[in-house]
1. Under the condition of being surrounded by fewer than 21 Cβ atoms within 10 Å (Cβ to Cβ) and touching a strand residue (DSSP E or B) at 6+ places or on another chain (Cβ under 8 Å), which residue from segment 222-233 is farthest from residue 202 (Cα to Cα)?
2. Quick one: how many residues across segment 179-199 are surrounded by fewer than 13 Cβ atoms within 10 Å (Cβ to Cβ) and farther than 16 Å from residue 167 by Cβ?
3. State all residues of segment 102-133 that are under 21 Å from residue 28 (Cβ atoms) and surrounded by fewer than 16 Cβ atoms within 10 Å (Cβ to Cβ); if no residue qualifies, say none.
4. Given the condition over 27 Å from residue 250 (Cα atoms) and at pLDDT 95 or above, answer yes or no: does some residue in segment 70-77 qualify?
5. When you look at residue 211, is it surrounded by 24 or more Cβ atoms within 10 Å (Cβ to Cβ), in contact with a strand residue (DSSP E or B) (Cβ under 9 Å, 6 or more places away or on another chain) and either without any contact (Cβ under 8 Å) to a residue 60 or more places away in the chain or under 25 Å from residue 28 (Cβ atoms) (or both), yes or no?
6. From (1) assigned to a loop (DSSP other than H, G, I, E, B); (2) at pLDDT 95 or above; (3) within 30 Å of residue 82 (Cα to Cα), pick out the condition that doesn't hold for residue 294.
7. How many residues does segment 163-185 contain that are closer than 15 Å to residue 122 by Cα and either in contact with a helix residue (DSSP H, G or I) (Cβ under 9 Å, 6 or more places away or on another chain) or part of a strand (DSSP E or B) (or both)?
8. List the number of the failed condition for residue 232; all other conditions in (1) part of a loop (DSSP other than H, G, I, E, B); (2) under 20 Å from residue 162 (Cβ atoms) hold.
């Protein structure tokens with residue numbers, strides 16, 4: 001790992017520390033997830049169809065890779081050491097080292113060109129994943145998948161679904177439409193999984209960027225990549241921007257807290273998404289980074305199928 005320059009918070013001394021974690025770049029790095037049970041970080045290279053795992057606390061960390069056919073949209077931890085993987089139109093469960101994959105949901109061919117994109121688990125172990133429309137029409141949906149295979153549509157009419165995350169107590173679901181430059185919030189029933197109609201929580205048009213990946217810290221602040229301006233923003237629970245700083249490369253894609261104390265912000269990035277719309281012009285495009293000294297801590301993700309406390 002190599003330490004980079006230390007860009008600071010806006011109007012503050014340069015106290016933040018960036019570290020480049022990976023030696024080789026991903027094409028489309030996304031969806032970092034911290035696994036506290038294995039003390040490791042998972043993430044994906046969506047365009048390469050790869051799921052990666054790395055023990056980042058090693059002196060010389062090297063990622064393991066697990067290949068899938070087609071595009072990988074996102075991942076989530078699951079019970080018994082398994083990982084849930086959102087592929088183009090299906091969601092599968094796999095255990096590292098075993099060839100068998102259990103199909104949890106098969107959506108079949110869509111009525112219009114869609115594929116599954118960003119996703120995460122809610123506080124009750126259900127998987128929430130948003131679509132991306134590949135024909136630039138707002139036909140995407142936000143899906144909810146129960147461990148028993150039940151499937152529910154929570155919202156329709158999005159173009160580039162991203163930033164799926166939950167408030168600390170799990171009673172607010174956030175997701176973004178990157179193309180619309182809006183982050184939405186929904187009141188969410190943690191017992192039934194029902195979601196109320198979304199409301200605009202953050203309009204990032206004034207920041208000249210949409211948000212890509214996002215996560216929430218223990219205080220309820222939402223951290224998101226501002227992919228069009230190469231920055232990372234922190235928004236309070238009311239949706240107000242309270243901090244922003246330059247990312248270490250030009251196309252930061254997704255963020256997640258991790259590390260033994262959950263105080264390291266891991267940032268994935270893009271080298272070439274394969275669509276021609278997101279191609280990095282930075283020498284560090286596609287690498288994974290660790291950001292320290294932010295003064296914030298995250299929450300561990302609930303595993304798919306893991307029952308909540310309520």
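1. 230
2. 2
3. Hit for segment 102-133 is 113, nothing else.
4. Checked against the condition, which is being over 27 Å from residue 250 (Cα atoms) and at pLDDT 95 or above, segment 70-77 yields at least one hit.
5. Spelling it out, residue 211 is indeed surrounded by 24 or more Cβ atoms within 10 Å (Cβ to Cβ), in contact with a strand residue (DSSP E or B) (Cβ under 9 Å, 6 or more places away or on another chain) and either without any contact (Cβ under 8 Å) to a residue 60 or more places away in the chain or under 25 Å from residue 28 (Cβ atoms) (or both).
6. (3)
7. 9
8. Just one mismatch for residue 232, condition (1).
The values are calculated or read from the model by the stated rules, or taken from the named source; none is laboratory data. These numbers were taken from a predicted model, which means no experiment stands behind them. Neighbour counts run over all protein chains shown; Cβ positions are idealised from the backbone, glycine included.
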